[in-house]
Protein chains: 4
Amino acid sequence: MAIEGKDEQAREPRIRLGMVGGGAGAFIGAVHRMAARLDDQFELVAGALSSTPEKAMQSGRDLGLDPARTYGSYKEMAIREARLKNGIEAVSIVTPNHVHYEAAKEFLRRGIHVICDKPLTSNLADAKKLKKVADESDALFILTHNYTGYPMVRQAREMVQNGDLGTIRVVQVEYPQDWLTEAVEQTGAKQAVWRTDPAQSGAGGSTGDIGTHAYNLACFVTGLTLESLAADLDSFVEGRRLDDNAHVMLRFEGGAKGMLWCSQVAPGNENGLKIRVYGTKGGIEWTQADPNYLWFTPFGEPKRLITRNGAGAGAAAARVSRIPSGHPEGYLEAFATIYTEAARAINAAKKGAKIDKDVIYPTVDDGVKGVAFVEACVASSKKNGAWVKL
Amino acid sequence: MAIEGKDEQAREPRIRLGMVGGGAGAFIGAVHRMAARLDDQFELVAGALSSTPEKAMQSGRDLGLDPARTYGSYKEMAIREARLKNGIEAVSIVTPNHVHYEAAKEFLRRGIHVICDKPLTSNLADAKKLKKVADESDALFILTHNYTGYPMVRQAREMVQNGDLGTIRVVQVEYPQDWLTEAVEQTGAKQAVWRTDPAQSGAGGSTGDIGTHAYNLACFVTGLTLESLAADLDSFVEGRRLDDNAHVMLRFEGGAKGMLWCSQVAPGNENGLKIRVYGTKGGIEWTQADPNYLWFTPFGEPKRLITRNGAGAGAAAARVSRIPSGHPEGYLEAFATIYTEAARAINAAKKGAKIDKDVIYPTVDDGVKGVAFVEACVASSKKNGAWVKL
Amino acid sequence: MAIEGKDEQAREPRIRLGMVGGGAGAFIGAVHRMAARLDDQFELVAGALSSTPEKAMQSGRDLGLDPARTYGSYKEMAIREARLKNGIEAVSIVTPNHVHYEAAKEFLRRGIHVICDKPLTSNLADAKKLKKVADESDALFILTHNYTGYPMVRQAREMVQNGDLGTIRVVQVEYPQDWLTEAVEQTGAKQAVWRTDPAQSGAGGSTGDIGTHAYNLACFVTGLTLESLAADLDSFVEGRRLDDNAHVMLRFEGGAKGMLWCSQVAPGNENGLKIRVYGTKGGIEWTQADPNYLWFTPFGEPKRLITRNGAGAGAAAARVSRIPSGHPEGYLEAFATIYTEAARAINAAKKGAKIDKDVIYPTVDDGVKGVAFVEACVASSKKNGAWVKL
Amino acid sequence: MAIEGKDEQAREPRIRLGMVGGGAGAFIGAVHRMAARLDDQFELVAGALSSTPEKAMQSGRDLGLDPARTYGSYKEMAIREARLKNGIEAVSIVTPNHVHYEAAKEFLRRGIHVICDKPLTSNLADAKKLKKVADESDALFILTHNYTGYPMVRQAREMVQNGDLGTIRVVQVEYPQDWLTEAVEQTGAKQAVWRTDPAQSGAGGSTGDIGTHAYNLACFVTGLTLESLAADLDSFVEGRRLDDNAHVMLRFEGGAKGMLWCSQVAPGNENGLKIRVYGTKGGIEWTQADPNYLWFTPFGEPKRLITRNGAGAGAAAARVSRIPSGHPEGYLEAFATIYTEAARAINAAKKGAKIDKDVIYPTVDDGVKGVAFVEACVASSKKNGAWVKL
């Protein structure tokens, strides 16, 4: 309840950051930049912001970048920045999926830390190759499954770990949207075009774009490992080449069961990521659109509304919360938390220190799992919903 | 918005009603009695309230029944009442599932209308036999899928019929509860004991008790016919003999898809029946716990909150609504609507008149479908979630 | 959480009930009849349903009353029924306010119990006279401040009594509606016409019609006595003769403070009665439109959602609750509880027994306070919002 | 519904910013810094972060400031920075209230733009002097009534201006909190100590700290001017020297009426700023804790949920919104909007250009009104709630 201040940590020097993709008209690039800025741990100093050189230069100017560090390609950026005395220490990759692997490789091989948007890659083969590259690199690889940055998601995870829910039995996760209800990709809407293009997105449509978030969230919160799934995928919009709705039944190791629904054709749902977890001792519920709340019901007691930084919230949430309860934090703050966790890891790496065990960020392994999830969904659906092992 | 009165219809003489089951300690029997009373269309005059004669007599006394019309068995009641000059015209059957068929048969064969709790029977063979008896009888058969009596459920159905949602693509229906989270049937809790006993309930646990409601609601609102399903059923509580959690994927005729989740082991869910329907033009959402609201989003417009008897609600809802908007109606009112619809049908039958086309109540056919749904769930789950045709 | 049945009490013979007012087109008459029926404690057997004899007869026929007991005036009904062997034992008065006193008097003087709609009368002089008559009568007087019948209102009251909130400091109560936003009384809308007519309603418009409910609820829940108030009343709609919006500051004995807002010109509010109470140890919040929930925050702990018949609800709520949690009860059930409490009191009176201390219903004293509240609001507003003692 | 990107505007060079107050342990200083950073329009380069020199230096180090520009007093900072070639162009003043006037004066007189926390000053005399200084300065003065930066608050204001609500009749605004329910100022809690100290806060406690926000919001949204008020203030916590609960009735020019409630002793309210506005044609409702939603009811139509950047939201909201609907923005984003509006104004001022008419920020005049509001509340309460003109 208190309105006490939270001291910023004594700040390390800002990490020099480059960006691949994210030029004019991009959605997620601007998000990454705001996220990188919020906690003042990064300074954007270079960019290969578009595959169109003209647009790359203009976007660099708009962002106030030094023209000498505004590049026409990520490869050029990787090569030159690696040679600069004060070249970038980290790079954000915010392109469509099919570029992730090739781009990440260039930086990882040069010891530049990579912060990469999800899904990891557009196919599992690339994902595995990227994992190999990341594992062999001294540089860190951070995947921006940004929803894991929400304080109340951390709270949920902590409560599961603490045993507040008992043994997990049922996981219901869903991620409905409505923005692809009509065939907007056929009218040139940029965000829709690449997300519905197998060449850029991979085999999954809604499964790749948002299903991976839902799957990642379910595993993050519960700590469970998915054993197998049975999926029924649809492309409801005529002419659409990738799934825009997916119904998936889940079986976790140890016996918990779940359902996952993702959809981009569900009118009235803007960005409806939601997770519910039920165990022998209690249940929790969290909704992304109202992220400062976590419902918790200890079985046999009244439902409780735990709020970010409010009474009942624990250390894991407090650690990544900036302002008092009742003052809502949102999507950008959660995204910024991924960046700030990355900064903590990078700063430790710079000193050769061990990363603090409290620092949490999605890894290349999470990324491989996400792509495997997408391919398993597609495979199961092609086999009429047969169970497919992960 | 107005607070205008709604005239009761000029009342027909009350229909003379008997009851099978519903003695002391029963939950649903009392509900049926309140539902029958609310709109003053019935008068309870006879009962076979328990299979234990002593308890049957005591329960009859408690309810103020004439001892001469308090029977020790439903068969006795059927025989005697059929002979009385002013014997019962209708009977409510509110026993555990396995009794429904035999009891209903006795009354239907004697021309006494039957109002029967769901699921129709404890197995599909009985269900089909009961359908045959009902089809051959002059008496009516009404199944109390009570949730179809909610005004906003009627509103939802009307909106689908009016095309407000366009072509239906996705149906998400769920019915979580938490009261069987622990093995209460092993401690003798009456409601739990019979619901988890295959001999009394049939092959389905949660699927029969609440899954049938969810399935019925999905079909009622959308007008769709289920083509096939794939189910994954669990009995999470050790020693439980029937499913207490079910994950089901749905394929409807015409291409719509859906998911159905029912559970009795989801802490924090008291009686969480909820349906969401999405089409090419809009989406709706309704939650039983807050039944006076219907969310409607025409695609591309703001979400609207349609309220019972409020602006935006149509004729189908107004027809079954008693009081002005903002004055909440609840579960008993919705249940009473089933009774009042039954009364309208019975009164028409008494006059040999055609039942008004606006009168809606669940039929024996809905009941057969419900039992078929349960058996399909069980069959699919046994075949590792293979698709089973309905 | 359980779905156990609640045994009805062994029923006493139904109380023979008459009704004054409530003919065709009335809103509240039908509500009283449903409320009287729900728990099966009353049987409507006589009526003076309209001051227009023709309409009175027709309304009686519609309700299935014996024509011999359908009267043209309440006085006639009182005289004749008092002489009948099985004449009415109680009467419901559901007319506009200005009739309450004269009508109630006729029945009370003849020993017939009175169940009367609120506000008690159209002016304080009548209220005091009615109190005198009621005090001198052997018959009971029950005022239908129906919102006190909601289980979660009982729960709130019990929690205050138990000290769960500590010492009460602040009471915020409001009752906004929107149905008089436009001058519907000028177009003949029956419910609006009499409610905006000083001759029928008294000096208060919104203050009398709904402000009295809010005031009564605040006192009922907190147990506090209002010491003085300062009010600012408006008639926003041109030509309206009574207030349609009232802002009132409250001072309670002992130092608690409060605000009361009632309005009939607040678009978007259907029937928005809401109360919030804050003490040294906790706070509660209850909203009539969602009546099965009570929010409770023990200071320094997470907010809890207490549900009707759910975990955390106590004996006072359970006593007046009919069905399991998650199965919503509504306005009619709360109204029915007032009738059932009245029946308990009447049945005790018939036996010469003491009324059980758990039986709670609003009395003539509550009614006098309500009318005094209205007149104090009007007086304060005329004196530019000066504090007026109650 | 779309997930299209929003291009950042081509960025001007960052504005060089200093800060007065906001050292270790402060709440609002860190908020100002994050707000200044989010949209990348400012660079913090100097600070007088504490009145304790040692703490000032340490805080500067923690923030990565150049020690040469970390000052022991705001006066020293003003003098030196004004002489530097690249000295600060703007300063944020985030101290307790009583320092605002003296500090602001030093910067305004030197042509340095001032961004100042609210309330403007601790008393009206200072407020008027500050207004004079600001009016005479070429530098801009921006007051951080941050809640006016929320997109849906802008939306509400635009809808009122567009006439969507018709003529405003009723304004209900409230700002309850609970963090001062107990006497935490007596245990040394820093945020509580100065807020309950008349010497630092001024004559108002909750009225100054949060009541001014509520009052400002009401005027901002409705465009109305407060004519007079009647207030009843309390200090419920023993020993507290300033009000912790205030009940205020409002009369606006033109005839609209309102109520304002602010409290810091209402358990269960974290930061419950809420506004409801009702007019002849419709009503709106906005709650700070769920800031991405605006409820709008056109009279006689269903309630609509307008979402930030969703369907139904207009240009005023879109202009200050960063990310797609369904991706919640929060408190920091709204605060950042005040900074970004300030940057737009400052950048225009630097070029001698006119400030774009769409740029909106609270001014020194708003600040004077806020302090006058506090003093009027205190004066009215001392006169037993008499109406006091503003």
Yes/no for residue B:103 being over 23 Å from residue B:351 (Cα atoms), within 21 Å of the chain's Cα centre (by Cα) and among the small types (Gly, Ala, Ser): yes
Sole exception among (1) in a helix (DSSP H, G or I); (2) closer than 30 Å to residue D:111 by Cα; (3) open to solvent by 30 Å² or more (accessible area, probe 1.4 Å) for residue D:379, by number: (2)
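I need the full set of residues from segment A:160-181 which are outside any strand (DSSP E or B) and either open to solvent by 10 Å² or more (accessible area, probe 1.4 Å) or within 14 Å of chain D (Cβ to nearest Cβ) (or both), in order please.
Applying the first criterion (outside any strand (DSSP E or B)) to segment A:160-181 yields A:160-167, A:177-181.
Across segment A:160-181, the qualifying residues are A:160, A:161, A:162, A:163, A:164, A:166, A:167, A:177, A:178, A:179, A:180, A:181.
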So which residues in segment B:268-293 are in contact with a Pro (Cβ under 9 Å, 6 or more places away or on another chain) and within 14 Å of chain C (Cβ to nearest Cβ)? B:268, B:269, B:270, B:271, B:272, B:273, B:274, B:288, B:289, B:290, B:291, B:292
Inside segment A:232-258, can you point out the residues that are surrounded by fewer than 24 Cβ atoms within 10 Å (Cβ to Cβ) and out of contact with any helix residue (DSSP H, G or I) (no Cβ under 8 Å at 6 or more places or on another chain)? A:234, A:235, A:236, A:237, A:238, A:251, A:253, A:254, A:255, A:257
Given the conditions (1) surrounded by 24 or more Cβ atoms within 10 Å (Cβ to Cβ); (2) closer than 25 Å to residue A:297 by Cβ, report the number of the one that residue A:146 does not fulfil. (2)
Please specify each residue of segment A:304-322 satisfying the condition of being part of a strand (DSSP E or B) and either open to solvent by 50 Å² or more (accessible area, probe 1.4 Å) or more than 7 Å from every other protein chain (Cβ to nearest Cβ) (or both). A:304
Within segment D:232-283, how many residues are in contact with a Cys (Cβ under 9 Å, 6 or more places away or on another chain) and on the phi > 0 side of the Ramachandran plot? 0
For residue D:343, indicate whether it is within 14 Å of another protein chain (Cβ to nearest Cβ) and either part of a helix (DSSP H, G or I) or buried (at least 24 other Cβ atoms within 10 Å of the Cβ) (or both). yes
Of (1) open to solvent by less than 20 Å² (accessible area, probe 1.4 Å); (2) outside the structural domain of residue A:30 (by TED's automatic domain parsing), residue A:372 satisfies all except one. Which? (1)
Given the structure, is residue D:265 within 13 Å of chain A (Cβ to nearest Cβ) and open to solvent by less than 10 Å² (accessible area, probe 1.4 Å)? yes
Tally time: how many residues in segment C:289-303 are aliphatic (A, V, I, L, M) and open to solvent by 20 Å² or more (accessible area, probe 1.4 Å)? 1
Scanning segment D:189-230 residue by residue, those among the basic types (Lys, Arg) and either under 15 Å from the mean Cα position of the chain (by Cα) or surrounded by 20 or more Cβ atoms within 10 Å (Cβ to Cβ) (or both) turn out to be D:195
Residue tally, condition away from chain C (no Cβ under 14 Å), of a type in the set (Asp, Glu) and under 22 Å from the mean Cα position of the chain (by Cα), over segment B:231-262: 1
Out of A:286, A:387, report the one residue that is closer than 24 Å to residue A:212 by Cβ, aromatic (Phe, Trp, Tyr) and open to solvent by 10 Å² or more (accessible area, probe 1.4 Å). A:387
Could you check segment C:106-125 and list, in sequence order, the residues that are crowded, with 21+ Cβ neighbours inside 10 Å and assigned to a helix (DSSP H, G or I)? C:106, C:107, C:108
Within segment D:213-259, work out how many residues are of a type in the set (S, T, N, Q) and in contact with a strand residue (DSSP E or B) (Cβ under 7 Å, 6 or more places away or on another chain). 4
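The values are calculated or read from the model by the stated rules, or taken from the named source; none is laboratory data. Source: prediction; values computed, not measured. Cβ: placed from backbone, ideal geometry, glycine included. Neighbour counts: every protein chain shown. Quick note on the areas: whole protein, heavy atoms, side chains included, nothing else; ligands and nucleic acids left out. Shrake-Rupley method; radii C 1.70, N 1.55, O 1.52, S 1.80 Å.
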